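Structure first, then comments.
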Amino acid sequence: MSRRIQFLEGFRHLDAGSGLSDTGGIQASASALKVLGVASTVALGGFLVGFDATVISGAVPFIRDYFGLGGDSGSLKLGWAVSCLGWGAMAGNLAAGVLSDRFGRKKVLLLTSLLFLASALTAASSTSFTVFVIARICGGLAVGAAILTAPVYIAEIAPAPARGSLVSLNQLMIVIGISISFFSNYFLVSLGAESWRWMLGVQVIPAAVYFLLLILVPESPRWLLSKGREQSALAVLEQVHGSAAAQRELADIQASLGSKSRRFTLRALLSGRLRRVLIFGFGIAFFQQATGINAVFYYLPTIFAQAGGGLATAFGQSVFVGFVNVGMTFVAIWLIDRLGRKPLLCIGVAGMTVSLLTISWAFYTAHAAIGGAPAVSHGTVVLVAIAAFVASFAISLGPVMWVMLAEIFPNEERAAAISVVGFWNSLVSASVTLFFPQELATWGPAGTFLAYGLLAAAGLLFIVLLAPETKGKTLEELERMLARPTQAPG
């Protein structure tokens, strides 16, 4: 409830300077609720992203047997079966910017809902490994497009005082989708050898609901204005912000777009004007995935089983971690517009570093003391440390990265630039999940998590040195602050 009050107060603050009466305050509150409703609807795509990405964790033991993925060569094929969604996401990342700039944010989101639907139906009914992989790649296309387009849409429609919280709704829905997938798998595992079909197939329901709800949301006003559709953009701004705020917002966007007519090109991306934000964007996208978050989520029951628990216990522990993920994402939403982006990143990544090194230590000492220390303490330490790792990620790199990527790039380049950075993020994610089974077999869990911990420490140093603070600034203010030429004009 406090988050809603703060959100409404942000709108009242926006209208305070215009001399509005109590009626204006009521209108601002209604506008706040309207924006919240639109943002929440678009953020439902995050639920599908999270569910589709991690539901595979419960299917892993069953598809390994069904498709005969045992042995050394089977480890690589299993990694491919799990990571192929990430490889599809790379293509979705690249296509998202081009398609959303040409056809609009809303149309791209509608397309993702249909791709999620087709992927779930095909994967659940597949009888060959090839068809299964193709279906998962189709889902990856949807993941790659939705995970980039939804934050951009929300950032472009949200007022500056509440933008961090509203964009974080997308990450909240991602972690809720992750948690629900663990919960769903926990109950469906009792159906036996064919339970993996039900695990993958239930996604049809939220995908269909998302498609129907998206029909009701308006197009992004910034995209409409970039296409010269001023009246349509103003109508959307008035619909979600109210008349007075809409006129000011329209003027700011026009000032940002009207003085230049650049098109996004690779040369522009590498120019001095965008180099600063580009380095930070690529860096934070790398560390978000290189620290192993998706490897943990995609193979969570497998990791817990290696820590000494049975299959049923491992599924139950996965549900617990999912709840931790959701709870800490609420904390992130509460803090991101209060504490700021950079402090959350520093606190969270420091926690990730300590947690990953603790996991490595727990597996190492358990292996070194075979026949000595009891396995139950080892399993408990791993469970607590993984929960702490997920909690730290949920208040930092999870939501904050997507918020900042939606903020730091200029209006005209935003969708395309995020596509390039998102492609890189998906490439790192797919690579990590592809090789995770082989890393476990070669380095063991202790060595694997030690590598992740060292990468997290490097990520913390990167954030301390290079992360900007974007809290409370409009997108146009951030463009003037961050996307500037490296040399002042003579």
* Asked: Within the set of pairs 6 or more residues apart or between chains, which connect a residue that is touching a residue at least 40 places away in the same chain (Cβ under 8 Å) and among the acidic types (Asp, Glu) inside region 218-244 to a residue that is buried (at least 18 other Cβ atoms within 10 Å of the Cβ) and assigned to a helix (DSSP H, G or I) with Cβ atoms less than 6 Å apart?
  -> Glu219/Lys106
* Structure fact -> Filtering region 424-438 for residues that are under 14 Å from Ala451 (Cβ atoms) and either free of Cβ contacts under 8 Å to residues at least 12 places away in the same chain or aliphatic (A, V, I, L, M) (or both) leaves a count of 2
* Answer residue from region 89-113, given it is without any contact (Cβ under 8 Å) to a residue 24 or more places away in the chain and of a type in the set (Lys, Arg) and is nearest to Ile157 (Cα to Cα) among those -> Lys107
* Could you tell me whether Ile134 is without any contact (Cβ under 8 Å) to a residue 24 or more places away in the chain, surrounded by fewer than 24 Cβ atoms within 10 Å (Cβ to Cβ) and closer than 26 Å to Leu94 by Cβ? => yes
* Structure fact -> Selection over region 410-449 where residues are farther than 19 Å from Phe304 by Cβ and in a helix (DSSP H, G or I) yields a count of 22
* Pairs, please: C-beta under 7 Å, at least 6 apart or cross-chain, first residue farther than 18 Å from Thr41 by Cβ and assigned to a helix (DSSP H, G or I) and in region 138-152, second at pLDDT below 90 and of a type in the set (Asp, Glu)? -> none
* Among the candidates Glu477, Glu439, Glu469, single out the residue that is of a type in the set (D, E, K, R) and more than 29 Å from Leu166 (Cβ to Cβ). => Glu439
* Confirm whether Leu213 is at pLDDT below 85 and over 18 Å from the mean Cα position of the chain (by Cα). => no
* **Subset of region 114-127 that is touching a residue at least 60 places away in the same chain (Cβ under 8 Å) and either out of contact with any Leu (no Cβ under 7 Å at 6 or more places or on another chain) or surrounded by 23 or more Cβ atoms within 10 Å (Cβ to Cβ) (or both) - its residue that is nearest to Val175 (Cα to Cα)** => Phe116
* Structure fact -> Of (1) within 17 Å of the chain's Cα centre (by Cα); (2) of a type in the set (A, V, I, L, M, F, W, C); (3) surrounded by fewer than 23 Cβ atoms within 10 Å (Cβ to Cβ), Met173 fails just (3)
* The listed residue being within 15 Å of Gly144 (Cα to Cα) and at pLDDT 80 or above, out of Val384, Val428 -> Val428
* Residue within region 178-200 that is part of a loop (DSSP other than H, G, I, E, B), under 30 Å from Ala255 (Cβ atoms) and of a type in the set (A, V, I, L, M, F, W, C) present -> no
* Asked: If you go through region 23-46 one residue at a time, do you hit one that is at pLDDT below 80 and of a type in the set (Val, Ile, Thr)?
  -> yes
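The values are calculated or read from the model by the stated rules, or taken from the named source; none is laboratory data. As the structure is a computational prediction, the values presented were derived from the model and not from experiment. In this analysis, Cβ positions are derived from the backbone assuming ideal geometry, glycine residues included, and neighbour counts consider all displayed protein chains.
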